[in-house]
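This report refers to the structure that appears directly beneath it.
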Amino acid sequence: MFKKFMARIFGRYAKTRHKNAAVLDARKYGLRRDQISNGSLRTVETLQQRGYRAFIVGGAVRDLLIGEKPKDYDVATDAMPEEVRQCFRRSRVIGRRFQIVHVLMGSETVEVTTFRGRHPGGAKGLTDNHGRLLRDNVFGNHKEDAERRDFTINALYFDPVAETIVDYHNGVADLKEKRLRVIGDPETRYREDPVRMLRAVRLAAKLGFVIDPKAQKPLRGLAPLIENVPSARLVDETLKLLMSGHAVESLERLRAEGLHGGLLPLLDIVLDNPRSERFVRQALQGTDRRVRERKPVSSGFLFAALLWHDVLDQWETLRDSGELPMPSLFLSMDSALARQGEKLAITRRIAGDIREIWSLQPRFEQRAGKRPYGLLEHPRFRAAYDFLLLRVESGEAPAELGQWWTEFLDAGASERAAMLLPAETRGTRRRRRRRAAPSAPLESADSTTI
Ligand code: ATP
Ligand code: MG
């Protein structure tokens, strides 16, 4: 009790400690401590009780102020990582280059970051030839921490104990005016970290904000710098964008700014071809719907959709030159993945998911005997079926095929049996099956008509 009282007093006192920052009464902006998650509130309270400064920061504050539900909660503090760890029994320090602490509160994980600053003596020797920061791992004070953040609306600090908002860069005003403004000189900040350009577009799309003209102007000219971003970060950012619930809008904006080529090497080709454009658009519309309904979306499914037409084009070419359908499908899959792999480090697990979704497609055409039952049992059936529906929706696979599977899924045992197509209609299969090795993907070779 006493500690809580002290913390409140401390919180009030803190108001006077923010030079150059506006300290706003959070309640006036509709922000109260009971709106944040229990875990993040307890984390901040504990740190403050131990005499540290601690705030909720970043996306959570931004989202709450505009009435959105935050995805997660980040805490910023002046306590060093090891000091944070000592405040919480269930916590661990993660990351080597820049340490952050994960505090476990019930089922919630709160990410606690120590204030970061700029390197002493400016960024000399710490950037590549284009101005990209190669290191960013110096602790700093609160003001410096606000300065190194990307956009004014992302640099708002909410103190849930005092119920104040600390605003160094007029972020609250920008939020009100629905404007995305870069902190500092936009060109320098984009050069330091070209991912910020993608973040600008993603955030503007997600929030329905305009990008401030000063922040927008350098985008087109600096777009090629995205090429220099390490691929693991690019995958992270691409996934964030695709899973934001605003993927269609984000991609449209990226295209308008000339930034889309850097994300996936083939995205510009995919979007310039009407057939694949329609497919990708439908895939992303479906994903956006799912995200907004808070249903899970898989990264494998997304990448499978983005790259499918690349696979299809090659597959068609190979088959036209007389290659067998299934081996040429596998060849086309490999080369589509390899081409993306040069730029995008798609993890092995995701690549495995993508392959499965693709390679199950021809099996949907086998609707006689036991095969449909086998496919239903496949662990990736659901994703593959959703993918089939996408192909149907875009006109690439026959509507009748999608309908058959939808009905088959719903049907009871006897209805299913009645739905099976007679084996005879599959002409050569019987002869082939006796000859061919029964390996799952190859056995469908004779019935592939995609
Ligand atoms: P989201 O809703 O997508 O999580 P977010 O703003 O919380 O949005 P995070 O990636 O979780 O995005 O980052 C948390 C905070 O860290 C941001 O709000 C911003 O203050 C800061 N930040 C993230 N990436 C950068 C960057 N590339 N440059 C500068 N600051 C960044
Ligand atoms: Mg976040």
Per the rule of 0.36 nm per residue minus the C-alpha distance, extending Ala173 to Ala417 adds in nm 81.4 nm
Measuring from label point to label point, each 7 Å out along Cα→Cβ, what is the Arg89 to Asp72 span in nm? 2.4 nm
Tell me which DSSP H helices of the chain clear both cut-offs, 30 Å or more of axial length from alpha-carbon atoms and a mean Kyte-Doolittle hydropathy of at least 0.0. 299-320
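Please label the shape of the range 289-392 as rounded, prolate or oblate, based on the square roots a ≥ b ≥ c of the eigenvalues of the alpha-carbon gyration tensor (a/c under 1.5 means rounded; beyond that, a/b larger than b/c means prolate, else oblate).
Oblate, because a/c is 1.5 or more while a/b does not exceed b/c.
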With respect to the cross-link table entries Lys176/Lys240; Lys28/Lys295; Lys143/Lys295; Lys178/Lys240; Lys217/Lys295, which display a Cα-Cα separation exceeding 31 Å? Lys28/Lys295; Lys143/Lys295; Lys217/Lys295
Could you work out the helix-only [θ] at 222 nm for the chain, with each DSSP H run of four or more residues adding -39,500 (n - 2.57) and the total divided by the number of residues, to the nearest 500 deg cm²/dmol? -15000 deg cm²/dmol
Surface per residue (accessible, 1.4 Å probe) for the chain, Å²: 49 Å²
Shape of the range 98-212 from its Cα gyration tensor (a ≥ b ≥ c, root eigenvalues): rounded if a/c is under 1.5, otherwise prolate when a/b > b/c, or oblate? oblate
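Computing the accessible area with a 1.4 Å probe over protein heavy atoms, can you report the carbon and sulfur percentage for the chain?
Working: 10930 of 21910 Å².
The computed percentage sits at 50.
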Out of the range 240-336, which GluC sites (Glu not before Pro) are coil in DSSP terms and have no more than 12 other C-beta atoms within 10 Å? Glu293
In the chain, what percentage of the DSSP-assigned beta bridges are antiparallel, given to the nearest 5? 80 percent
Quick one: among Asp410, Asp193, Asp313, which has the greatest mean-square fluctuation in a GNM of the chain with alpha-carbon springs under 10 angstrom? Asp410
Which of Ser299, Ser321, Ser244 fluctuates most in a GNM of the chain (C-alpha springs under 10 Å)? That residue is Ser321
With the crude spin-label approximation of a point 7 Å out along Cα→Cβ, what separation in nm comes out for Arg292 versus Ala399? 2.5 nm
Which one, Ala283, Ala22, Ala256, has the greatest fluctuation when you compute a Gaussian network model over the chain with C-alpha springs under 10 angstrom? Ala256
Between Asn141 and Arg255, what FRET efficiency comes out of the Förster formula 1/(1 + (r/R0)^6) with R0 = 51 Å and r the beta carbon distance, rounded to 0.05? 0.80
Hey, can you rank 92-102, 167-177, 153-163 by average C-beta count inside 10 Å, highest first? 153-163, 167-177, 92-102
Hey, what do the phi angles of the range 52-64 turn into as Karplus ³J(HN,Hα) couplings, whole Hz, using 6.51/-1.76/1.60 and θ = phi - 60°, x for Gly and Pro? 8, 9, 8, 9, 7, 9, x, x, 5, 5, 4, 5, 4
Whole-Hz ³J(HN,Hα) for each residue in the range 18-31, computed from phi via Karplus 6.51 cos²θ - 1.76 cosθ + 1.60 with θ = phi - 60°, x for glycine and proline: what do you get? 9, 5, 6, 10, 7, 10, 9, 6, 4, 4, 5, 9, x, 10
What is the extension gain from Arg96 to Asp236, computed as 0.36 nm multiplied by their sequence separation minus the C-alpha to C-alpha distance, in nm to one decimal? 48.6 nm
Treating the beta-carbon of each Lys and Arg as +1 and of each Asp and Glu as -1, no other charges, what is the dipole magnitude of the chain about its Cα centre, to the nearest 20 debye? 1360 debye
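The values are calculated or read from the model by the stated rules, or taken from the named source; none is laboratory data. Everything numeric in this text was worked out from a predicted model, so none of it was measured. Cβ: placed from backbone, ideal geometry, glycine included. Neighbour counts: every protein chain shown. With ligands, DNA and RNA removed, areas are computed over all heavy atoms of the protein, side chains included. Shrake-Rupley method; radii C 1.70, N 1.55, O 1.52, S 1.80 Å.
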